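The values are calculated or read from the model by the stated rules, or taken from the named source; none is laboratory data. This one's a predicted model, so the numbers in the text were calculated from it and none came from an experiment. Here the Cβ positions follow ideal geometry from the backbone for every residue, glycine too, while neighbour counts run over all protein chains shown. SASA here: full protein model, heavy atoms, side chains in, ligands and nucleic acids out. Shrake-Rupley method; radii C 1.70, N 1.55, O 1.52, S 1.80 Å.
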Amino acid sequence: MKISEIFYSVQGEGMLVGTPSVFVRTSGCNLRCAWCDTPYTSWQPEGEELDLDQVMAAALRLPARYAVVTGGEPMIAPGIVPLTGRLREAGLHITVETAGTVFAPVACDLMSISPKLAHSTPHAREGGRWASQHERLRIQPEVLRRLMTAYPYQLKFVVAQPEDLDEIRALAAQLGAESSRVVLMPEGTNADLLRQRGAWLAEVCQQEGYRFSPRLHIELWGHRRGV
Ligand code: SF4
């Protein structure tokens, strides 16, 4: 499988924020978010072809009890099912971070599903050539329901503007999501912008019973790889 990076850090987002974890980042994605913060796994996918034994050896060299399998879109990575199986055999708690457009029968303790909102569609990037595929794929209600039924989940939304909230409320209601499992996180890769957006988003969470998530890794280390 094509692996972008394997590193040890703390989880920066969602219900397990702050948890020391080994991150296995696959390269390749079926979406093209306009603001993608890992373009080296989507717009210009980079990485090294590693077999399962090589991935496991690199992951188990690190002292984590929690694994985060992320991307890119890890659910489309060849070998994702055996990889999660091997991580489970090794006794690690597994989070899979996915946009929720594809189902695969992975081993997973927290399915971190991040459906992409309308503002993610890349109308202005590369002449808009990815916009129609992105728009067609970004919300797959049947896949989302299947993931939410099969695994403990969080629905983690990247929020850029107040207008995003109507879309979130409608999708959460359509899916019957528990509000305590709906996580709102400010969009951005700049600590000042995250603070500014985070301030109003935290108020929204207080009013609506959603969970607020920071982007802790960016606050601590800035926007760079390997954290
Ligand atoms: S789904 Fe994730 S990896 Fe894929 S383009 Fe969007 S932000 Fe980037």
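Annotation note: Cβ proximity below 7 Å between a residue of the stretch 118-137 that is of a type in the set (Gly, Ala, Ser) and a residue that is within 13 Å of the ligand (Cβ to nearest atom) and part of a loop (DSSP other than H, G, I, E, B) (sequence gap 6+ or interchain) occurs for Ser120/Cys33; Ser120/Ala34; Ser120/Trp35; Ser120/Arg138; Gly128/Pro122; Ala131/Thr121; Ala131/Pro122.
Of these, Ala160, Ala118, Ala107, Ala90, which one is surrounded by fewer than 21 Cβ atoms within 10 Å (Cβ to Cβ) and at pLDDT below 95? Steps first, please.
Details: Ala118 fails: at pLDDT below 95; Ala107 fails: at pLDDT below 95; Ala90 fails: at pLDDT below 95.
Result: Ala160 is the single residue among Ala160, Ala118, Ala107, Ala90 that is surrounded by fewer than 21 Cβ atoms within 10 Å (Cβ to Cβ) and at pLDDT below 95.
Restricting the first member to the stretch 22-38 and to residues that are at positive phi and open to solvent by less than 30 Å² (accessible area, probe 1.4 Å), and the second to residues that are near the ligand (Cβ under 9 Å from one of its atoms) and not in a strand (DSSP E or B), the beta-carbon pairs closer than 8 Å and six or more apart or on different chains are Gly28/Thr41; Gly28/Ser42; Gly28/Gly71; Gly28/Gly72; Gly28/Glu73.
Between Gln154, Gln140, Gln174, the distinction of being touching a Lys or Arg at 6+ places or on another chain (Cβ under 6 Å), in contact (Cβ under 8 Å) with a residue 24 or more places away in the chain and among the polar types (S, T, N, Q) belongs to Gln154 only. Taking the listed residues Glu126, Glu46, the one that is in contact with a helix residue (DSSP H, G or I) (Cβ under 6 Å, 6 or more places away or on another chain), open to solvent by 20 Å² or more (accessible area, probe 1.4 Å), charged (D, E, K, R) and more than 11 Å from the ligand (Cβ to nearest atom) is Glu46, with no other qualifying.
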